[in-house]
Structures are given as structure tokens and as C-alpha cells.
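What follows draws every value from the coordinates through simple rules; no lab data is involved. Small disclaimer: the values here were computed from a predicted structure and weren't measured. Ideal geometry is used to build each Cβ from the backbone, glycine not excepted, and the neighbour counts take in all protein chains shown.
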Amino acid sequence: MVEPALGTIHGRHDMVRRFDGYVSDQMEELDERKLKRPLVKTFLLELLNGVRSCTDAALKDILARRHVSVSQIEEGLFLAADGSGQEMGIVERLRPRILALYSTVKSAPLRTWVTQFVRPSPELDHVWLSGLTFGVLWGIMRRLSRQHRFTRLVFTHESIFDIEGQVPEEQEEEEEAPTPPADDDEREIVERRDTRVTLVDRISEIDHRLRNLQELYSPFYAISQLRFPSPVGRGGHDFFDDGQVTNRSESFRDHRSHVLFVVRIYERLLKSTEEQTWYSIRESVSAPGAFRRIVGAPVVIRFREPLRPEVFDYWVSATFERKRGSKFRLWGQPIRLGPTKVHVYGADRHLWQPLFLEFSAKGCIAIVPNGTCGNTVHRLVTNIQRYLDPGARTFIGDRTYEAVVEQSAEGVPYEPEG
Amino acid sequence: MNPKAEELVRDPLFQVNALLWLAQPLPDEKVFREFGVSPLGIHPLLHMRRFAVHAIAPMLLVPLDVRLAAQNAGIPIQEGARPDVVLSRERDLKFLLVECKASSFGPGPSKSVEQARALMIAAGPRASEVFAEQVKAALLSYELPDSACAGMMGTLARVAEEMHARGLPAGPLSTLGLRSSETEVSVVIDSELAAFLGVQPGAFKFIALEPGDDPRPLYFIPYDPDAQGSAEETAFCRAVLFRRMHASVVAAIGRAFPPTERIFEHGAVLNDAMFGMYGHWDNKASAKHMRDLFKQFMTAIQQSVNSELTGAIAFEPGRGWKVKIGDEDAHEAIIDALTRFSAETLTAQPKPPIELFDVLEDDEPQAPSSN
């Protein structure tokens, strides 16, 4: 086994070569079904206000504030260590707004570490690939790949707000546990929709049936993982909805190319979302100072099935009345405007950006003030599909969310290795 | 009849916000049906006709020679007027000037009539000069409860007739009525406005009403000290304004990196809360009213936070309210105190119990299955 030996990497080319050697050896282990070392994983992170003016030194400060120590290898490339000095991976600034952390640390401790430094940071967020975004990426992958190749899709929907009767906090907490006990006699029966389906099949087979599956059972809209088959051999690259990408191919070079492909789309999606949604008063070009118009477009999310009043109530209280908020990471003091209608003039409590929302049993409207990161919108869409309505549809202004994603993907070069 | 909706169609701030929603880029209802999801309920008629918001409350000055002519004719006219909203359509340079009113007014001498004369000039043959840009067609429309439209139109017609008789270049007139029923609030378009927009005259759904729900959409413009709304509506709008100021303060503190300090002064916070409209307020009394609201709000926040964290917020004359954040623990404590402050009651809310859920939420990520 060739270790990547992170501490001795001296440049991008060297990094790719070392990780390539590591994953090549690992394929042999996978063939023998004796995986001895963890897979290579990439965590994609969004750098808030990550314009070109954010220098490497500024980036180091951002990470240092979250107790991630980084030492620069070359421009836009760093060795990252945790608070105790343990090497955790290589951070590459892939695009002005997107960082990639490549690591061979085991998944569970790595995710814990990443979550611990991203969660409290208003400057960093995960890359959020909603089910709707995955729907478009699936279409792109289908066109790019040979139809007999195997792919893997995971659909995840947990109706955590849909609970009969009064629910103690512990139950929701229980659902948070990574691996619930398989056979626990004490475990209460909780009746609510909880879907996690993994589908592994040839692209042509899935393509043939996915639309029907979605029409029959809406959780099939909530794609939470998608594998891009590797064109250089077996396996592929598993993209997760929170920006993790696991390499299951024999080429790190190919892995990085796929990551870069999706990142380019995502960055354009962020820009497009912000350009369209940001509300502000803008002065007229022809008569500066005289005319001010409101520009922007609402984000509209509509549910396939209206929420029951008790589900709506639980969602609102769980989201806005907890000490640290809930899954949606929103803050605000709701104004009740009816049995199933509230207005919230609040903020995204992760990135601490203002956000104005109308929630109802039939959907949600978001007004995004100028400067609020587009990631807030994509996290909201991802969470609504995952926890409320997998078949929900989103519109940015008068365009479908999918149309915005598709436009963001137009012309993005796909340059796999091989 | 939805009593709340019946009351709201008379409220100028609801009227302005309704107008802004009518011009928002939103999907047509049939799109929601195609996707099999619940329709939004808001029908953006003006956007569908490709009208967009051109200006909010712009000052439109009456040309000097027209003012002189009016003076010579003994017709009182304002020097300039601010319609609540101006919409325009780029493809044919049509401008729609909308003034919101709770009710109609008579043709006798009044400020409203003087304002109407100035607005009629702005929408008349001299519109390009008034707007300092090319205007191919303009129309003045009064937005008010549907039941008041006929009376309003009678007044406007008489005022316009008098102006025409004296050679003053007044433009065409119309009304945009708001009508409520049990199931919707609709806009009633008269024949003049219908021809201008390219639709049939009549009623068009603006917003569908769910049983028991308040019809108010999210407010773009949350507060207008000049608006003469009901006491309840004024209180509601103040609550929205306070929440938006609260969000502005909480977000700024949330993004801060200790050790640091943040200064909150009225201009920045009010502009943040009003999409930048505060900076353009010409009416000094209104601007002062807004500053007083800001002061009331910040004083309450200061008292609330300082009751738990002594000296965390201090007022500095000439600068504003300073929030000092010493370290990460202090940062977290200030965020906690700020987010528990109620913009409704202007007091602190009790701390919720620490929940196991919260701790896990922040510390234990979900682990997908990969090594």
C-alpha cells in the first residue's frame, strides 16, 4: 500500500500522483473484498464571500478561527490538521468559492471533524446538492456515460416532523443517531414515513424506470446520493447531498475531474441564484438618485401534498423554538397568520444572513435580501425534500429550479481522465 | 366575506405590497398544475403583462411652465408628487403611475386634489420630461377598495376636466380596485387600465385565501410613517419592522469574529430593514419618526441583553449602540441573549431548556456509509 504521506506532498501534481497510487492499490483490496484502508473522500465546502479577493492568507485565517491549522504547500493548496496537530487531509481551493478537502481518514471521524468546524462558522458551509439538483445531474450523467454501466442512487426521506401525538425530544434525537440499534426491545414504534432506498443497476434500467418510480412514490424524488461511473474503469464517484464525494474508482485524477465538473456547475448555480433572487432597491441608470426600483425574485417551494396541521405546527416549533434551531438552521420569531400560515422575518443561523419566509401547509416563499448567500436557498430546498416533502418543486422567480440548474450546467466542460 | 381581507383592502401599506407582489416574477398557475403541486395562490397579473417595478415613491416634479400656468389659472397644484409605485414595460415604454388610497376623496379644495393634479401632469403629454426618460404612454391609476372606485373616478374626471379647460396637460386616468371575498382578494381593472395592460376589464384573482388565514403576503415595504392605516395594521407593520431590524442586528453579530465590536446606527439598520428605502426618505418628520422607532427598539434590546450580560451593549452619543464581543464565549452568550429578545414584546424570553437534541444536532454528524 502506498500511503499518500500528506506531510511530504510538495505540490498539486505530487498530490494527485500520491493519491492516485493510493487508490490504485485500494482497487486491488476492493477486488479481494479486503479493504484495509479507508477510501479517499472529498468534502466540498463553500467559502462565503469567496471572491478572488479572499487571499490564501485570509483563507488560512478563516480555517484557523475554526481550529483547523493549515500549512501552505503552494498557491491554493494546504495541508490541514486538526486541533491536536493530526494531519487530516489536503485542502485545495478548487474555485474561488469552493474548497475541496481530500482525505483518507475514516468516514465517521472525518465527518465529525468537518461538521465540527463547519457548523459554527458563518464563513463556511457545505455544498448542498438538493434532490432537484441531483435530478439534473442524473440527466447529465446519463448522457455522458455508457448505458450498460452500473450506477448507484440513494433516496432519503425522513418525515421527522410527521409524528402522531405528543413527541418527546428524545425521539427526534433518536432519529439523529447514525446507527440506530437493530433490535431494541425497548424501542418505541414510531409511525411515520422513513425512506432510505439504495438502487444499484445499469443506467439504462434506471433511466427506463425512474420517472415511473417517482410518480408512484414521491420519496424517489429525494435523491441524496448519486454515483458518476468512472470512464477509466470500474466503480465511480459517489456524490452526497451535503458535498461529500467518495472515490470508488481506480483513479484519483478522474475523481478530482468529476469533483471539478460538479463544482463548476454548483458555483454557477450559486451565482445564478444570487443574481436572480437578491432583493434590493436599485437606482435607475438613466436618472441616478431619482428612481429606485425593487429588483429580485422570490424563491417559491410548493408541496405535492399539503402538510397536516399538526405536522405544520411541529415543523414550525421545531425549527424556531429550539435553543439552537433544528435541521433547517433558521432563526426568527414567527408571526402567526392563520392555522397553517406564518411569516418569519429572520435569518439563516448558520451563515447569519437575513432571510424572510412565509411557511404554509402548501409550501414556502423566501425573500432573499441582497448579500444573503445562495447556499441558504439550496440548503432550504435540500432539507425540505429530505424532511418535509420529497416531491416538492421549487421555482426561482418564474423559472423552475431545474431550469436554473440546467442552465448552470450548460457549457461546463466534462474532462474525465482516460 | 373575510373580515380581515375586507379591512386590509383599505390599508395603504397592504395596497402597496399587493401591487409589488402583482409585479413579481412568479410562475403562472398552470405551471403548478403541470408539476402536480399546490398552486401558490398569488397571481402576478402585472408581471404576466410584462410590467415591472420602475420606481418606489419617486419624486415627480411638475414642469415650471405648467406650475406657472396653473398659478395663472388659479388652480392649486403641488410642485411635485410621489406616486406610491411606478411600473413600466420596457418593450413599449409604457409607464403606470399608481397612487394608493384608503378611500376616495371629493373634488373640492384639498391636498389630495392638489396631489392628483401633479400626478395627472406626470402621466400626461409631458411625462418624458417629468421622468427624464422616454415615455411613450403613461397612465395614472388610483388603487383603492373596489367599492370606492366609482366615486374616485367621478372626482378625478372632474379635476381633469377643469385642468383640460385651462389648458393644463393632464394625462389619462383609471382605477385599480381591490375586492375581497371569502376565497380571494382580487383586483378590479377598469376599461382604461385594461386597455393599457392589454387585458379584458374585470376582476382578476390576486391572492387566494385559505379558511382562517390572514391574507397578508410577506411585506416588501414593512412600514410607512406617512400611511394612514388602522391602529391594528400600524401595530402589525411596526412588529414586522422591529423583526427586520432584529434580524439585521442578530445577523451582524452572528457574522462577527471576536474579539471585536459592532456599532449599530439608525441609518444602516433602518436601510437594512427597508431594502435601502430609509436613505431616500425626504419627509423629515417621517425620517425622525423612523429614527425614534429605532431608538425605542435598540434601547429595549440594550436593557434586555444587559440584564443578563452587564455592559454588553452601550450607547455612544454620535455613534450609536456598541456591542463589545470579547471572546467566543461572550459571542455565544450575546447571540443567545439577542435571539431570545422578543421583537413583539420588546422583552427577553426565558431560556429554553437545554435539549439533548440540540447538543447532538451540533456535535454529532450523520454518518453515511462509506469507509
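Figures for the structure shown
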| quantity | calculated |
| --- | --- |
| Per-selection Kirkwood Rh - segment B:3-208 (Cα, Å, 1 d.p.) | 17.4 |
| Cα gyration tensor, segment A:341-417 - rounded (a/c under 1.5), prolate or oblate | prolate |
| Reachable lysines, given that their alpha-carbon falls under 18 Å from the alpha-carbon of B:LYS111 and they are not under 8 places away in the same chain | B:LYS101 |
| Segment B:1-153 - share of DSSP beta bridges that are antiparallel (%, nearest 5) | 60 |
| Overall form of segment A:255-406 per C-alpha gyration tensor (a/c, 1.5; a/b vs b/c) | oblate |
| Principal axis box of segment B:231-356, alpha-carbon based, largest edge first, Å | 48, 32, 22 |
| The protein assembly as shown - charge dipole about Cα centre, Lys and Arg +1 at Cβ, Asp and Glu -1, debye rounded to 20 | 2360 |
| Residue pairs, from the table A:LYS362/B:LYS94; A:LYS41/A:LYS271; B:LYS288/B:LYS322; A:LYS271/B:LYS4; B:LYS284/B:LYS322; A:LYS271/B:LYS288, whose Cα atoms sit over 31 Å apart | A:LYS362/B:LYS94; A:LYS271/B:LYS4; A:LYS271/B:LYS288 |
| Fluctuation leader among A:LEU144, A:LEU63, A:LEU260 - chain A, Gaussian network, Cα springs under 10 angstrom | A:LEU144 |
| Kirkwood estimate for chain B, i.e. one over the average of 1/r between Cα atoms, Å | 23.4 |
| Reach of A:LYS34 by Cα under 19 Å, taken over lysines that are not fewer than 8 positions away in the same chain | A:LYS106 |
| Given chain B, longest segment not containing exposed loop trypsin sites (Lys or Arg not before Pro) (DSSP; at most 14 other Cβ within 10 Å) | B:167-318 |
| Cut-off under 5 Å, modelled amide H: who pairs with B:PHE341 long-range | B:GLN349 |
| Residue mean of other protein chain beta carbons inside 10 Å, B:248-259 | 5 |
| Three-way shape label, segment A:1-101, alpha-carbon gyration tensor, a/c 1.5 | prolate |
| Rg/Rh ratio calculated on Cα atoms of segment A:64-131 (Kirkwood radius) | 0.94 |
| Convex hull of Cα atoms in the protein assembly as shown, direction-averaged projection (nm²) | 35.9 |
